[in-house]
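The values are calculated or read from the model by the stated rules, or taken from the named source; none is laboratory data. It should be emphasised that the depicted structure is a prediction, and the values quoted were computed from it without experimental measurement. Here Cβ is always computed from backbone atoms with ideal geometry, including for glycine, and neighbour counts include all displayed protein chains. To get the accessible areas, we keep the full protein, side chains included, count just its heavy atoms, and leave off ligands, DNA and RNA. Shrake-Rupley method; radii C 1.70, N 1.55, O 1.52, S 1.80 Å.
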Amino acid sequence: MADKTTKPSIKYWEGVNADVDGMLGGIPQVPEYAHIDKVDIQSSKNLLAKLGFGARKGLRLAEHALEGGAGIGRVTENLLVKVAKEVDVIEPVAKFTAGLQGKPGVRNIFNVGLEDWKPKEGDQYDLIWTQWCVGYLNDEQLVDYLKRCKQVLTPKTGILVIKENIATDDNDVWDEVDSSFTRADVKFHKIFKQAGLRLVKSEIQRGLPQNASVTLFPIYMYVLKPE
């Protein structure tokens, strides 16, 4: 049951290098995963194109997007600023977002944890993207975060995407190193329902090596809208 404190995770991340290798937990150093950054971004881009977001003809740019748990802005810079006119980011470790200050397309930077983020009055987002960070919230915190996201989605057209590793059975997996949970698919479905969200689409990350020396949990992308 995901109910432990999230605070040790901040201490862990404050000791991590502010680069792509640090953001991805050193996985790019494993030969089979050398291109995981590009594979990840491309799959996310493909998903957003299916949802109608993009710069190509026939697709639309979001007026405003939000990234939860942005780190150094790997997803913001390589994906979100290309599908949205302005992007806000949430990231508790200030050294990670220092390089995003003044970057084209980046509007507001909230240096707080997801559990402490409060939307600015009047803010509204066509797209909210949260990736590889909700494992640092316990179940109650995650439900509350999703409810706040739901409140600021553009009515009718706004979407929320959660991209996370998934446990391979029905039990949460606790990581003592960075104090995070890997949740099961069934647990995410329960949490989405508690937050008043409905699942409109889900995809599994493709393009990862099948027989690598290091095995990763499966990666799911959940597309959500208010019920």
Could you check the range 194-215 and list, in sequence order, the residues that are closer than 29 Å to Gly52 by Cβ and open to solvent by 50 Å² or more (accessible area, probe 1.4 Å)? Gln194, Arg198, Leu199, Val200, Lys201, Ser202, Ile204, Arg206, Gly207
Matching residues, the range 108-122, being open to solvent by 50 Å² or more (accessible area, probe 1.4 Å) and charged (D, E, K, R): Asp116, Lys118, Lys120, Glu121
In the range 172-193, residue nearest to Gln151 (Cα to Cα) [restricted to those that are surrounded by 14 or more Cβ atoms within 10 Å (Cβ to Cβ) and touching an Asp or Glu at 6+ places or on another chain (Cβ under 8 Å)]: Ile191
Quick one: would you say Asp21 is charged (D, E, K, R), open to solvent by less than 10 Å² (accessible area, probe 1.4 Å), in a helix (DSSP H, G or I) and under 23 Å from Thr215 (Cβ atoms)? no
Qualifying residue in the range 41-48 (condition: without any contact (Cβ under 8 Å) to a residue 60 or more places away in the chain, within 27 Å of Ala98 (Cβ to Cβ) and touching a Phe, Trp or Tyr at 6+ places or on another chain (Cβ under 6 Å)): no
May I ask you to list the residues in the range 131-145 that are surrounded by 22 or more Cβ atoms within 10 Å (Cβ to Cβ), of a type in the set (A, V, I, L, M, F, W, C) and within 12 Å of the chain's Cα centre (by Cα)? Cys133, Val134
Could you give me the residue pairs with C-beta distances under 6 Å whose first residue belongs to the range 86-107 and is under 15 Å from Leu66 (Cα atoms) and open to solvent by 10 Å² or more (accessible area, probe 1.4 Å), whose second residue is among the aliphatic types (A, V, I, L, M) and in a strand (DSSP E or B) wherever it lies, and which are 6+ apart or on separate chains? Gly105/Val87; Val106/Val87
Note: among Leu24, Leu51, Leu59, just one is closer than 24 Å to Phe96 by Cβ and not charged (D, E, K, R), namely Leu24
Mind checking whether some residue in the range 62-82 is surrounded by 14 or more Cβ atoms within 10 Å (Cβ to Cβ) and acidic (Asp, Glu)? yes
From the list Trp117, Trp132, which one is over 26 Å from Pro218 (Cβ atoms), modelled with pLDDT of 95 or more and not β-branched (Val, Ile, Thr)? Trp117
